[in-house]
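Asks: Let me begin by handing over the structure; questions about it come next.
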Amino acid sequence: MNHTAFILGMGCLLACTSDDPQASESEEDDHDDSGEIGETPSPMLSLETPLSAVGLCSPGPATEEPAADPTGDTGPSPFGTGAVVASLGVPGSSIPTPAANVIDTGLDMEGWKYNLYIPPDYDGSEPYGLAVFINSGNSGEIRAEWQTIFDERKMIWVGPQDVGNAVDVSVRMGAALLGTIRAMELFNIDRNRVLATGNSGGARTAQVMTYQLPQLYLGAFPLCGAAYPRELNDDGYAYWGAGFYPNVDGQPFAS
């Protein structure tokens, strides 16, 4: 699965299943980003074009689900279940090397706190998906209304605290990456379902992290923010510079 397919798939799912054709009002958050993403109209589609009209909601050929590739401990959660706050400890596994030197992996993991959500049915006997969250504020907790979805989808939530927009991006990604690796040691995790998410500036940070480590994060669902691997408009809002992205034949990714 590539990042584009996952993000488009999420959009198609929402567009094809929504009961209300009108867009919902967006919530205000505590982000400190500025600027707007350029609104370049597509030569083929407009915002009013239903996805079904261009075949994006039509079922494709049946494909076999990938086999789960579990990692970590197959025993019960060391933190119990439900929403908890805990330090995860220092990873014992090797840390994957990012494509550029923009992730701080030298953080003090003994004292770093994380908000976790472990579904009540988790007992370690089967692999669960994992979502790591980077907020625009200092809390890493899951929204209460999302817990049922994580229960149904068999997903574990890991949100580092104190990684808001005022924190250096390298630290924000470092806390998320180290939390991901440690969670993959502590829980029975399906490596085919390791995702990154975030809110506003945290959404941008999480998406950059997936570009840096595509071998680890197989998808992203950024919320109220996005970062792209090339510049889309003159203000550069959605682009963080070539230093954050992999190089391909000496050129920034997707340049």
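The values are calculated or read from the model by the stated rules, or taken from the named source; none is laboratory data. Remember, it's a predicted structure, so these values are computed and weren't measured experimentally. Neighbour counts run over all protein chains shown; Cβ positions are idealised from the backbone, glycine included. For the accessible areas, the whole protein counts, side chains as well, though only heavy atoms, and no ligand, DNA or RNA atoms are used. Shrake-Rupley method; radii C 1.70, N 1.55, O 1.52, S 1.80 Å.
Asks: Projected onto the charge dipole of the range 140-255 (+1 at Lys/Arg Cβ, -1 at Asp/Glu Cβ, origin at the Cα centre), which of 203, 183, 161 gives the Cα projection farthest towards the positive end?
Replies: 183
Asks: Shifting gears a bit: Please say if the range 199-251 is rounded, prolate or oblate, where rounded means a/c under 1.5 for a ≥ b ≥ c the square roots of the C-alpha gyration tensor eigenvalues, and otherwise the choice is prolate for a/b larger than b/c and oblate otherwise?
Replies: oblate
Asks: Here's another thing I want to ask about it. Averaged per residue, what accessible area in Å² does the range 77-229 show with a 1.4 Å probe, protein chains only?
Replies: Accessible surface, normalised per residue, equals 35 Å².
Asks: Something else about it: For the pair residue 74 and residue 145, what calculated FRET efficiency results from E = 1/(1 + (r/R0)^6), where r is the Cβ-Cβ distance and R0 = 25 Å, to the nearest 0.05?
Replies: 0.25
Asks: Shifting gears a bit: Leaving out ligands, DNA and RNA, and with a 1.4 Å probe, what % of the accessible surface on the range 140-186 is carbon or sulfur?
Replies: 46 percent
Asks: Using Cα centres only, tell me the gap between the range 114-182 and the range 200-222 in whole Å.
Replies: Here the two parts' Cα centres lie 13 Å apart.
Asks: Under 5 Å between amide hydrogens, which residues at least 5 positions from residue 191 or on another chain qualify, with H placed 1.01 Å from N in the peptide plane?
Replies: Amide H to amide H, under 5 Å and 5 or more residues apart or across chains, residue 191 pairs with 69, 71.
Asks: What percent antiparallel are the DSSP beta bridges of the range 94-209, to the nearest 5?
Replies: Here the antiparallel bridges make up roughly 30 percent for the range 94-209.
Asks: Separate question: Which ³J(HN,Hα) values, rounded to whole Hz and listed in residue order, are derived for the range 85-90 from phi using the Karplus coefficients 6.51, -1.76 and 1.60 in 6.51 cos²θ - 1.76 cosθ + 1.60 with θ = phi - 60°, glycine and proline given as x?
Replies: Ordered by residue, 3J(HN,Hα) equals 10, 7, 8, 8, x, 8 Hz.
Asks: Let me check I've understood the local charge: for residue 81, count other residues with C-beta under 11 angstrom from its C-beta, Lys and Arg +1, Asp and Glu -1. What total comes out?
Replies: Taking every Cβ under 11 Å from that of residue 81, the sum is -3.
Asks: Classify the range 145-204 as rounded, prolate or oblate, taking a ≥ b ≥ c as the square roots of the eigenvalues of its Cα gyration tensor: rounded when a/c is under 1.5, otherwise prolate if a/b is larger than b/c and oblate if not.
Replies: oblate
Asks: Then there's this: Wrap a convex hull around the Cα atoms of the range 92-211, take a quarter of its surface area, and give that in square nanometres.
Replies: Answer in nm², one decimal: 7.3.
Asks: Can you order the peptides 149-158, 81-90, 175-184, 124-133 by their average number of other Cβ atoms within 10 Å per residue, highest first?
Replies: Result, highest mean Cβ count within 10 Å first: 175-184, 124-133, 149-158, 81-90.
Asks: Something else now. Only Cα pairs under 8 Å and at least 6 apart count here; give the relative contact order of the range 101-218 as a rounded whole percent.
Replies: Reported relative contact order: 34 percent.
Asks: Each label point is 7 Å from the Cα along the Cα-to-Cβ direction; what then is the distance between the points at residue 123 and residue 108, in nm?
Replies: That separation, rounded to one decimal, is 4.0 nm.
Asks: Now, a different point. Would you mind checking which residues have amide H under 5 Å from residue 82's amide H? H placed 1.01 Å from N; only 5 or more apart, or other chain.
Replies: Amide H neighbours of residue 82: 118.
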